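Just so it is clear, none of the values below were taken in a lab; they were calculated from the coordinates. These figures come from a predicted structure and were not determined experimentally. When we count neighbours, we look across all protein chains shown, and the Cβ atoms used for this are built from the backbone with ideal geometry, even at glycine.
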Amino acid sequence: MSVNVKTVPTTPYEGQKPGTSGLRKRVKVFQQENYTENFVQATLQAIPEPGGAKGATLVIGGDGRYYIPEALQIIAKLSAGAGVSKLIVGQNGILSTPAASNLIRKFKATGGILLTASHNPGGPNNDFGIKYNVSNGGPAPESVTNKIYEITKTIKELYIADIPKVDFTTIGSTKVGDMTIDVIDSTEDYVQLMKSIFDFDALREFFKSNPNYRILFDGMNGVTGPYGYHLFVKELGLPESSVMNFKPLADFGGGHPDPNLTYAHDLVERVEKEGIDFGAASDGDGDRNMIIGKGAFVTPSDSVAIIAHYAKAAIPYFQKNGVNGLARSMPTSQAIDLVAKQQGLEHFEVPTGWKFFGNLMDAGRCSICGEESFGTGSDHIREKDGLWAVIAWLSIIAYANKQKLATSVHDILQLHYKQYGRNFFSRYDYEEVESKGANEMVERLQGQIKSGELKGKTFGNFKIAFVDDFEYNDPIDKSVSSNQGVRIVFEDGSRVIIRLSGTGSQGATVRLYVEKYSNNAAEYDADTQKALKPLIDQALAISQLKEFTGRDTPTVIT
Ligand code: G16
């Protein structure tokens with residue numbers, strides 16, 4: 001039975017260029033007439049050949065935020081209009097980003113449309129987002145996102161199928177015209193995946209033999225709550241008090257669902273006050289994670305290095321598949337490089353954006369990777385995976401406990417520093433600054449790089465060894481990504497990186513990253529901010545950040 005498809009005239013909107021990870025704007029922007037429709041249709045038209053949208057199978061789901069129900073209906077109508085053959089949708093439109101990536105791979109789907117603005121706040125006055133993932137389960141590469149953008153600039157007509165409102169609340173299969181819509185359980189396949197990667201018996205054994213060991217997982221009222229509940233309470237048999245904020249809410253309970261020390265402060269406070277051994281949080285769409293312990297914060301850069309160090313010993317997936325290579329984004333600290341060197345593994349430095357890891361993974365050259373932006377993952381899917389990282393950490397703790405190496409997060413960190421040295425790392429974010437000042441600041445630095453005037457210059461105790469505007473040459477598809485961030489490297493190996501975020505929805509967000517390496521054991525327990533203060537002072541002086549943005553304090557320090 002075919003459906004009636006109406007051709008509806010539309011006009012292009014400016015600024016529908018996908019950023020680091022999809023199109024993120026205020027809900028009110030998406031609610032404008034045909035705004036969402038234009039972008040969804042452009043996405044469908046940009047689905048790579050062979051086949052494109054016609055006959056495609058698409059996975060659809062999101063992080064539970066405000067406006068998802070409306071967007072789902074729009075996607076159903078436009079998909080039917082474009083001749084899509086099947087939609088696989090999480091019940092109530094709920095799918096974490098890693099769960100969606102898994103489903104795309106598992107069902108060999110053409111791709112997926114993910115409804116999320118990740119860690120950005122939700123609700124009628126906050127953000128919504130749409131991003132397209134390709135058949136390997138990862139975020140669309142720039143060739144596809146550029147095509148989407150090009151189509152949005154000239155779009156004239158929408159092809160809207162005349163179908164009744166679809167019920168996404170009930171699990172089951174329905175047909176609208178020639179298109180099948182499968183509404184599936186949101187957590188089941190992902191839980192199965194986790195059980196195939198980790199040794200859940202070993203984890204249960206650890207908790208049984210350490211009955212006083214307490215963990216607390218904060219779902220931040222984002223999408224991971226139900227997944228965390230399923231894994232920690234149902235599978236591992238931990239008490240319900242081991243999870244907090246585990247109900248997905250359309251506005252994340254008014255919070256900012258970003259797992260860092262600022263926005264996950266309730267978790268941080270409880271871990272310290274109640275003496276909880278292990279704390280973790282994930283973001284709105286479930287791809288980020290933060291790991292803490294009593295008196296210990298694990299920087300995401302250290303986290304991925306530590307996971308890489310223990311992977312083969314503590315995680316069955318890597319015992320079976322091996323570890324073929326490691327990677328990090330450019331601003332991420334170099335801690336993981338040190339692990340790669342010691343283990344004789346290839347390691348890569350890619351621009352910010354998870355999409356850059358996809359080719360390396362598909363080519364079998366990268367097994368574990370991470371970003372300073374609280375993203376950690378492996379080649380089990382093609383997105384970063386918050387809960388995967390949490391269970392990886394629990395597996396490391398169970399292993400280290402059994403080997404009598406360490407049990408607390410603090411001691412695991414110290415053990416790592418003893419073996420590799422410590423990469424002190426911090427990121428300063430200046431959110432929603434005026435774009436003009438932010439752009440001028442970066443342009444000035446780019447000018448100084450071109451003219452060579454910074455090279456060899458000394459700032460405080462730091463002498464510049466080299467500066468560049470990072471460029472990535474993808475070793476697999478040979479694509480070149482330029483202007484990926486200003487990198488200032490000093491003679492002692494310390495680094496300062498300055499770039500503008502590609503995920504903000506209002507004004508510009510300046511990110512300033514600083515890193516200093518130490519192999520002086522007396523420093524391993526030092527406070528990060530104190531250890532980095534001299535470098536941060538010089539970074540501010542070099543960038544003239546205050547002068548250009550008018551800000552003298554960052555919005556968030558991680
Ligand atoms: C996205 C990307 C990440 C990136 C992060 C921050 O994460 O998937 O790869 O590191 O944004 O990017 P930026 O510094 O440009 O804001 P998420 O969790 O927001 O999807």
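Computed quantities for the displayed model
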| quantity | calculated |
| --- | --- |
| For the range 463-558: Kirkwood Rh in Å [reciprocal of mean 1/r, alpha carbons] | 15.3 |
| Three-way shape call for the range 253-357 based on the alpha-carbon gyration tensor, with the a/c threshold at 1.5 | prolate |
| Segment Asp362-Thr11, length gained on full extension (0.36 nm per residue, minus Cα span) | 122.5 nm |
| Size of the range 383-499 as Cα extents on the principal axes (Å, biggest first) | 56, 36, 35 |
| Residue-span extension gain [Ser173 to Lys320] - 0.36 nm each, minus C-alpha spacing | 49.3 nm |
| Shape of the range 1-160, Cα gyration tensor, a/c cut at 1.5 | rounded |
| Per-pair calculated FRET efficiency, R0 = 60 Å: Asp182 and Lys455 via Cβ, rounded to 0.05 | 0.55 |
| Neighbour-count ranking [beta-carbon atoms within 10 angstrom, fewest first] of Glu240, Glu515 | Glu240, Glu515 |
| Modelled FRET efficiency - R0 41 Å, Ser196 with Glu70, Cβ distances, 0.05 increments | 0.70 |
| Sorted by Cβ density within 10 Å, fewest first, the residues Met330, Met361 | Met330, Met361 |
| Normalised alpha carbon radius of gyration of the range 1-60 [divisor 2.2 N^0.38 Å] | 1.29 |
| Distance histogram for the range 291-424 (every C-alpha pair counted, 5 angstrom bins, percent rounded to whole numbers) | 2, 11, 23, 26, 22, 11, 4, 1 |
| Sorted largest first, extent of the range 59-148 alpha carbons per principal axis (Å) | 35, 26, 25 |
| The chain, relative contact order in percent, only Cα pairs under 8 angstrom and at least six apart counted | 13 |
| Viscosity 0.692 mPa s, 37 °C: Kirkwood-radius Stokes-Einstein D of the range 83-214 over Cα pairs, µm²/s | 185 |
| Value of Rg/Rh across the range 133-287 [Cα atoms, Kirkwood radius] | 1.08 |
| Compactness index (Cα Rg / 2.2 N^0.38 Å), the range 302-354 | 1.10 |
| Calculated diffusion of the range 262-308, Stokes-Einstein form, Kirkwood radius summed over Cα pairs, 37 °C and 0.692 mPa s, µm²/s | 293 |
| Efficiency of FRET from Cβ geometry, Asp468 and Ala521, R₀ 41 Å, rounded to 0.05 | 0.80 |
| Alpha-carbon Rg/Rh ratio, for the range 385-439, with Rh computed the Kirkwood way | 1.26 |
| Per-bin percent of Cα-Cα distances, the chain [20 Å] | 22, 56, 21, 1 |
| Cα-projected label distance for Lys208 with Lys404, points at 7 Å along beta-carbon direction, nm | 2.2 |
| Added length on full extension, which subtracts the Cα-Cα distance from 0.36 nm per residue, Glu33 to Gln446 | 144.7 nm |
| Loop trypsin sites (Lys or Arg not before Pro), the range 47-87, which have at most 15 other Cβ atoms in a 10 Å radius of their Cβ (DSSP) | Lys54 |
| Total formal charge among the other residues, if their Cβ is under 10 angstrom from that of Tyr35, Lys/Arg +1 and Asp/Glu -1 | 0 |
